[in-house]
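Q: Pasting a structure below so you can have a look.
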């Protein structure tokens, strides 16, 4: 399947706003992705069809969020949508792991992705919750993605912070992304993609859907075994 | 000369109980002693500790805290402490390597691989009026998922054996704004 065929796909057209499906826009996103610092990433605002995303938000109310806590994080998370029986979540998972969507992502990122290979769940951060700096690198993970389902202000906390690295050591914060409903953020998962979710500092809920798109299995990426 | 260890803990009966406690734990041999210093000594040491020159140490993927040299407090090199620990642990203690730390809002340490396979940690907690919900607890964890959690408690001594065990300090959150968790952390290798 080529990019023309991918963007003509009915499901892709139903979910992704027209402005993000033109040949010119895709070329622009490709350049931005590669040039964005501190590592390749994009923040695409108003990316999905609002009506569809609103249904997803509504359906999350039926999901169970479990407490997750370790040295690195404290927040709540659902099980992977692969085990969900909620129609809207199954549909979203199907879209994000479909051939047309992967071809679209491959075109922008230049990264070869594996069909139907996705980790996807929803997260809920409340006051004092956090995810400290880490690189997301684990076998097969190629692209980390986040769909924001809440609106935050800078003073609320909950920003996604991207770190500048020296070699593979994170040094300082270089970019922050404030959660905005219907923003789709993704970045290349490497040993340099250090990022964190800033602590929530107000009584608001930060809801996201996130996960990883996978590539072919390579032995060289098998040096870490930490999952979150 | 003033004793630095609370005399309650140096009575023969207490020593025997402490030795039994140290040897009796199935996992994580540990002892926690509250009011370890007589009150006058504690207040004096606390004052000196807070006057130390603390330097911020930040490595985002590993830790964030403030650290200072603790030698001027003369706690880790105190002969009475060495004798007390030697009796409880039933091994000769001559040296304790230790530093002073404080953890405030946004501080933490993460689990990472470069920790000794074996050590005995000697921790003096100087944290005043701390709440568990602020974070900052010290967690010891083994590879089977068992763990011990030490919350901030003033004038307390924690002795804990690390045998293939890792430790971290929980992230200190915004509820602790303006507060500091002071610790003297020493180790016997």
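The values are calculated or read from the model by the stated rules, or taken from the named source; none is laboratory data. Small disclaimer: the values here were computed from a predicted structure and weren't measured. Because the Cβ atoms are built from the backbone with ideal geometry, glycine has one as well, and the counts that use them run over all protein chains shown.
Q: Looking at (1) outside any strand (DSSP E or B); (2) crowded, with 20+ Cβ neighbours inside 10 Å, find the lone condition where residue B:101 falls short.
A: The failed condition is (1).
Q: What do you reckon, is residue A:80 under 30 Å from residue B:138 (Cβ atoms) and touching a strand residue (DSSP E or B) at 6+ places or on another chain (Cβ under 6 Å)? Write out each step before concluding.
A: Working: under 30 Å from residue B:138 (Cβ atoms): no; touching a strand residue (DSSP E or B) at 6+ places or on another chain (Cβ under 6 Å): yes.
No, not satisfied.
Q: Tell me the residue from B:95, B:78 that is in contact with a strand residue (DSSP E or B) (Cβ under 9 Å, 6 or more places away or on another chain), under 19 Å from residue B:187 (Cα atoms), surrounded by fewer than 20 Cβ atoms within 10 Å (Cβ to Cβ) and more than 14 Å from chain A (Cβ to nearest Cβ), please. Before you say what the answer is, go through the steps one by one.
A: Values: B:78 fails: in contact with a strand residue (DSSP E or B) (Cβ under 9 Å, 6 or more places away or on another chain).
Exactly one of B:95, B:78 is in contact with a strand residue (DSSP E or B) (Cβ under 9 Å, 6 or more places away or on another chain), under 19 Å from residue B:187 (Cα atoms), surrounded by fewer than 20 Cβ atoms within 10 Å (Cβ to Cβ) and more than 14 Å from chain A (Cβ to nearest Cβ), namely B:95.
Q: Within segment B:71-85, track down each residue that is within 23 Å of residue B:21 (Cβ to Cβ) and over 17 Å from the mean Cα position of the chain (by Cα).
A: Of all residues in segment B:71-85, those within 23 Å of residue B:21 (Cβ to Cβ) come to B:75-76, B:78, B:80-85.
Correct list: B:80, B:83.
Q: If residue A:174 satisfies every condition in (1) farther than 23 Å from residue A:56 by Cβ; (2) without any contact (Cβ under 8 Å) to a residue 60 or more places away in the chain but one, which is the exception?
A: Condition (2) is where residue A:174 drops out.
Q: Which one of A:129, A:136, A:156, A:191 is touching a residue at least 24 places away in the same chain (Cβ under 8 Å), within 12 Å of the chain's Cα centre (by Cα) and within 14 Å of chain B (Cβ to nearest Cβ)? Quick ask: steps written out before the conclusion?
A: Working: A:129 fails: within 12 Å of the chain's Cα centre (by Cα); A:156 fails: within 12 Å of the chain's Cα centre (by Cα); A:191 fails: within 12 Å of the chain's Cα centre (by Cα).
When all the criteria are applied, what remains is A:136.
Q: Inside segment B:107-189, counting only strands (runs of 3 or more DSSP E) that do not spill past its ends, which hold 3 or more residues that are more than 12 Å from chain A (Cβ to nearest Cβ)?
A: Working: elements: B:118-125, B:138-142, B:147-150, B:156-163, B:165-169, B:181-188.
Per the criteria, B:118-125, B:156-163, B:181-188.
Q: Something else about it: Scan segment B:23-50 for residues that are in contact with a helix residue (DSSP H, G or I) (Cβ under 6 Å, 6 or more places away or on another chain) and either in a loop (DSSP other than H, G, I, E, B) or modelled with pLDDT under 95 (or both) and jot them down.
A: B:29, B:31
Q: If you check every pair at least six apart or on different chains, which have Cβ atoms under 7 Å apart with a residue in segment A:71-86 that is within 14 Å of chain B (Cβ to nearest Cβ) first and a residue that is in a loop (DSSP other than H, G, I, E, B) and crowded, with 20+ Cβ neighbours inside 10 Å second?
A: From segment A:71-86, the pairs are A:71/B:110; A:72/B:110; A:74/A:129; A:75/A:129.
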